[in-house]
Every structure is written in C-alpha cells, then in structure tokens.
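A.B. asks: After the structure tokens below, expect a handful of questions from me.
The values are calculated or read from the model by the stated rules, or taken from the named source; none is laboratory data. None of these values were measured; they are calculated from a predicted model. With ideal geometry, Cβ positions are generated from the backbone for all residues, glycine too; neighbour counts draw on all protein chains shown. SASA here: full protein model, heavy atoms, side chains in, ligands and nucleic acids out. Shrake-Rupley method; radii C 1.70, N 1.55, O 1.52, S 1.80 Å.
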Number of protein chains: 2
Amino acid sequence: MEHTYPFVPYAPDRYDEADMIRAEAGTSSSTSTGGAASASSATSPCRGECVELAVMAANTAPSGAHQQPWKFVVIGDAETRRRIRLAAEEEERQNYEGGRLTPEWRQALARLETTSDKGYLEVVPWIVVCFAEKYGLRPDGGRVKHYYVNESVGIACGLFITALHTMGLSTLTHTPNPMAFLSEICSRPGNERPYILFPVGYAAPGAEVPDLTRKPLSEALVHF
Amino acid sequence: MEHTYPFVPYAPDRYDEADMIRAEAGTSSSTSTGGAASASSATSPCRGECVELAVMAANTAPSGAHQQPWKFVVIGDAETRRRIRLAAEEEERQNYEGGRLTPEWRQALARLETTSDKGYLEVVPWIVVCFAEKYGLRPDGGRVKHYYVNESVGIACGLFITALHTMGLSTLTHTPNPMAFLSEICSRPGNERPYILFPVGYAAPGAEVPDLTRKPLSEALVHF
C-alpha cells in the first residue's frame, strides 16, 4: 500500500498466553513502552483474562482523593462491536467527508492517514471503552464531587496500555468525535463520559504503522 | 505516629542503579503497577539518568494527532526545590487552614491525612513538574491547536510513573491548587499549564503510606 508518510512493519513479540498471564499476574511484570503509538489492525482471539489483567493494572493508578473515577467497559460480543463500528463510522464520515473536521484538524491528522473507515473495530477480539466518572453517585442518588478526573483517568489509561504491551498485545487510542454514542451502546449512566476507546488484540501478521518519531528528549525534558 | 486510617510499611525493592538503568534503557523493562499510589517521603540521591529514562518512557505515549503536548521540567537544584516548597505550602495553607478547601473536598481528603506541610519537596532529590501544552507555537509565534491534551498528557504521566516503579523509585502525584506558581518558578511560556508535580526519589527507610485498597474489579470493569 502507498503511504504519504513512511510506514514500518509492526510485529511485536508474541508470548505464550499462559506465560504472559502468569507474568502479568505476578507482583512485577515486564513492559515495553517503546511502541505505545498504535496498531492499525489486529486479529486472532486473545483470552479475556489478558484484558482483565490490564484493567487490574489500570485500577492501581493514583487518583484525586483516591476516588478512582474510571470504568472500563470490555466488549467481546460481535454484534456490539459491529454497532460501535457503524456508529463510529457515521460520526467519522461527518468529520472526514462531511467537512465537520476543521482544515487545521484535518492537516494535523494527514500524516497518520486516518479515515472514516473503522473496520478494525469488528476485526479485533476486544473493544475496551474507558469512561471517566465526572462525579460519583451516593446510594441515595446524591452527587459526590470528583477531583482531577482527567489526570486520574489519563494515568489509569497509561497503566492500561503499558500492561497490554507487557503481554505482547496491541492497542490504539481512538477518540471518535463526538463519543456520546458510546454511552448509549454501553448503557452507561449520566455521570460517566467516554474518555478513550481501545481496540485490543494481537497485531495482524504484516501489520504496518506510521513510522512516527518521538520528539527528542531536549523538547520533552527541561533541566532546571 | 497515630493515623486515622490504617497505614502499612512501604519499602519497595531497591536495585543497583547501574543495573536498573541498563534494564530501563533496554527495549523491555520490568514494572510493578501494584503501588502506584504514593510515598509520603523519600530520601537519598538518585542519578539524574533515572529520571531522564522515565521521561523518555513518558515521551513514547500516544497523543492526539501525535502532537506530544507535554513538557517535563526536572528540578534537582536545592534552592529551586525550596522555592517550590514555600510557594506550594503558601497555597496549601490557604486551602487547609484558610478555609479555601470546600468541606466536601476536605472530607474527601481526610483519610489521606494530607496537610499544608510539603516538607518532602525539599527532601526528595528530584522534583519533576509535568506541563501540558494547551496549544503549540509556530516559529512565527502563531498558535497550533492541540487535540486531546488532557488525555495525552495523562497517559504520558502513567508511563512516567510506571517507568519510575520499574526502577524501584517512588513518586507521589501532587497537584497543589492553584498551580500557577509553578509556571513562574519554572519559567514556562504561556502555552503550558502545570499538570502534575512529581517528587521523585527512593522511599525513606521506614516510610509509611495509607493502606488504601483499590476498588474491586467488579467496580472498575463492566463486561458487555
């Protein structure tokens, strides 16, 4: 396939599932943060326990006032994945073909070659949607204010991604915009808003990803 | 010391620094996400390379349109750490003793026993302040819109924390409120806002942390 930006083969190590579950379930685990970007496609089933272990890792994140304002919805059902694909593509068609994306946004995305085609949402064995609890709910229905929700849930997602990579699984941070359809399809209450959608699975044999470089350390780190 | 909430000893494994740098610099590294919460104090120097490696891990995070909207300011200088401590304590005194914290917020924090005393900011060998780039700056001074800044920077912070734990270092996610003083002390431009402050170091011998439990998997994960 021709690309407008250099692509490289993407074939992360693959481990025996029983081994990787044992490794991740232990107190220490092995991780690679070197490929946190994305896998554009992923196939073949992986055990639900792997996804659960990654959520357990995410669930250890620090959070504002230790309120743990996250919820990970794990979707393996083919029909639900299909509904999510169709709804995401409908929104993305309005973005890409309907002109809803601003020219500036379109330009920022150009080298990633993203389109309204989200077929991978049906190909992957799992979709995990992370929801952020904007506020908590008391048993009597009253609201509990949550603090530093974006920061807390973002960190949890970082731990989730790291755990997946630890196990040799791939993911892609997808934020279909707007994401309200995810609340409806996943039947989430009004205090939760969709934060990031993660397709999860093994990278397909021969998968390619954009050959993105990271900004040099001199632009990421300032000594003081 | 008496606590209103159960505390447990906190003594993470300590490794040889040369070994841990080699491990973290390799393509795969070993991590524990089991103790992502906090260490209330930390002492003894650690090499700046360890902190740099953790920033390098953070810098591999995925981000909206791959804009990498983060900046990690690494502060080892004692005088600057002292300035940060004094400014943070001034803000926190207004929060805790001056009544600026709402009763609800105060209640949410009670079991963590946080106070306006931030003496640990002078004890730790390193303070790392993560700034989020609200927008980018073109060479001509024009603004570049950034997408999903909170999500991107949160994930980067998750990778940063994981890398520190991988190396046996401890940190604490601190968000002194308001945080504007950090922009001034760290001389950051107007497009960056303070996101989280991380004191970084080895846990002090005998350090204790609140014996916080995580919410059960049934509250963190929903199968669909």
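A.B. asks: Could you give me the ³J(HN,Hα) list for segment B:76-84, computed from phi with Karplus coefficients 6.51, -1.76, 1.60 and θ = phi - 60°, whole Hz, x at Gly and Pro?
C.D. replies: Using θ = phi - 60°, the values come out as x, 4, 4, 5, 5, 5, 5, 4, 5 Hz.
A.B. asks: Which residues of segment B:143-171 end up with at least 10 Å² less accessible area in the presence of all protein chains than when their chain stands alone, using a 1.4 Å probe?
C.D. replies: B:Lys145, B:Tyr147, B:Tyr148, B:Asn150, B:Glu151, B:Gly154, B:Ile155, B:Gly158, B:Leu159, B:Ile161, B:Thr162
A.B. asks: Then there's this: Less than 27 Å apart at the alpha-carbon level, and either on another chain or at least 8 residues along: which lysines does that give for B:Lys215?
C.D. replies: Of all the lysines, those that pass the test against B:Lys215 - Cα under 27 Å, at least 8 places apart if same chain - are A:Lys71, A:Lys134, A:Lys145.
A.B. asks: Sticking with this structure for a sec: Percent of accessible area on the protein assembly as shown owned by carbon and sulfur, 1.4 Å probe?
C.D. replies: 53
A.B. asks: Moving on. How big is the A-B contact in terms of buried accessible area, both chains counted, 1.4 Å probe, rounded to the nearest 100 Å²?
C.D. replies: 6200
A.B. asks: Per DSSP H run of at least 4 residues, take -39500 (n - 2.57); add these up for chain B, divide by its residues and hand me the 222 nm value, nearest 500 deg cm²/dmol.
C.D. replies: -10000 deg cm²/dmol
A.B. asks: Hey, what's chain B come to in accessible area per residue, 1.4 Å probe, Å²?
C.D. replies: 42
A.B. asks: Scan chain B and report its longest stretch carrying no GluC sites (Glu not before Pro) that are both in a DSSP loop and have at most 11 other Cβ atoms within 10 Å.
C.D. replies: That would be B:98-224.
A.B. asks: Can you list the residues, at least 5 places off or on another chain, whose amide H is less than 5 Å from the amide H of B:His223, using H built in the peptide plane?
C.D. replies: A:Val74
A.B. asks: Using per-residue counts of other Cβ atoms within 10 Å, averaged over each peptide, order B:138-144, A:134-140, B:160-166 from highest down.
C.D. replies: B:160-166, A:134-140, B:138-144
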